[in-house]
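S.K.: Dropping the structure in here first, questions after.
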Amino acid sequence: MPQSVDAQSVNPALHKGDVINQPQAAHPKLARQLVLDELFDLSLYQSLRNVASGKLRDILDQLIPIESRHFEFWQDFFDLHIEALDLARRLKLVLLVAICRLFGAPAIHLVLEAIEVYGVRKYLRVWSAYGNGPLGAAVRDVLEDEFKHEDEVVTGDAERKLNPARVRDIFLGLNDGLVEILGAVSGFFAAFGNSLAVLVAGLTVAVAGALSMAAGAWIAVSSESEVRTTEIARRRFLGESVSTTGTAETPLASAIIVGASYLAGALVPVLPVLGGATTVLPSLLTAGSLIILVSIMVAFLSGMNIKRRVMTNLLIIAAAVGITFAIGVVTKLVWGVSV
């Protein structure tokens, strides 16, 4: 286990006023974000400990003192002492704890692993800002502890409980289905102006899209598997050692996951029409709300900037709905399509 890290042991100069004020003054936004993020991680671990049991609770018992040391270090490093989370992080904390209570151990494992992914990007920004300066040695020591120590505690000697790539594929499939079928429903309403016609057309496109996505996943994973098998055979022929640890994703499993997640997302814009909606507005509200939630989850699991991901997706939705609605209007006016 790596040795503990605190502000004084890493760099005694951090306790001198002429040095400690430099980091925050140079990068005030980064300083506030990092200290708040450390407080959020600590608060999350403490909250999840009340939800977890068995080995998971043991993991959290090890993570909490590690995160406490890091939180204290960054407060001293930036001379920025914050005792409470901001509103956005409080809401995020409540949401994640609620999800973990609902889905149990698998959700907790996924959250812990996602925090690792998110943390790597965040800490590399810190290294970029301070790595080459007089405080580089202090930053390097604590970042090595961040990268190595927490990863060892979370993963231990066992494999990760969940495959982050597979989970991200699920959310991305949901996202694709939501955006594409919401755009289609918008265009169908503009062209047909009839709920039954929109329902039939929407369901048809949703099923076709799900089958297409599943087929694409099958082909992609099959091709990747063939390339991997050929490469392993080549290396074995040359006498090279080949590691075969880990379970490769099967084409069938990948096709089912991608197709099912796409279909689940695609049905969301269609359900309001099934319930009697006569305009695109209910579909836009329900699908739009879910898209925001999915965007947040994808960004969290992938370590992306959440605000940027949500705004990008909203712009894509606006473009998809606007363009397809315009195509529907033009189609109806030019070719006289009506039902």
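Where a number appears in this text, it was derived from the coordinates with a stated rule and is not lab data. Note that the structure is predicted; figures quoted are calculated from it, not measured. When we count neighbours, we look across all protein chains shown, and the Cβ atoms used for this are built from the backbone with ideal geometry, even at glycine.
S.K.: Calculate, in nm to one decimal, what Ser241 and Leu314 gain on full extension: separation in residues at 0.36 nm each, minus their alpha carbon distance.
M.R.: That pair, Ser241 and Leu314, stretches by 21.5 nm at full extension.
S.K.: Arrange Glu116, Glu240, Glu224 by Cβ neighbour counts within 10 Å, fewest through most, would you?
M.R.: Glu240, Glu224, Glu116
S.K.: Same structure again: What does the C-alpha gyration tensor say about the overall shape of segment 21-81? Classify as rounded when a/c is under 1.5, otherwise prolate if a/b is larger than b/c, or oblate.
M.R.: Prolate shape, in that a/c is at least 1.5 and a/b is the bigger ratio.
S.K.: Could you tell me how far the Cα centroid of segment 187-205 sits from the Cα centroid of segment 77-106, in Å?
M.R.: For segment 77-106 versus segment 187-205, the Cα centre distance is 42 Å.
S.K.: Decide, for segment 164-335, between rounded, prolate and oblate: order the square roots of the alpha carbon gyration tensor eigenvalues as a ≥ b ≥ c, take rounded if a/c falls under 1.5, and otherwise choose prolate if a/b is larger than b/c, else oblate.
M.R.: Prolate, since a/c reaches 1.5 and a/b exceeds b/c.
S.K.: Can you pull the one-decimal nm distance between simple spin-label points at His81 and Ala220, each 7 Å off the Cα toward Cβ?
M.R.: Here the modelled spin labels are 5.1 nm apart.
S.K.: Once the other residues with Cβ under 12 Å from the Cβ of Val97 are scored (Lys, Arg +1; Asp, Glu -1), what is the net sum?
M.R.: Residues near Val97 contribute +4 overall.
S.K.: So for Val329, Val273, Val185, fewest C-beta neighbours within 10 Å to most, what's the order?
M.R.: Val329, Val273, Val185
S.K.: Please rank Phe78, Phe300, fewest neighbouring Cβ atoms within 10 Å first, as an exposure proxy.
M.R.: Lowest count first: Phe300, Phe78.
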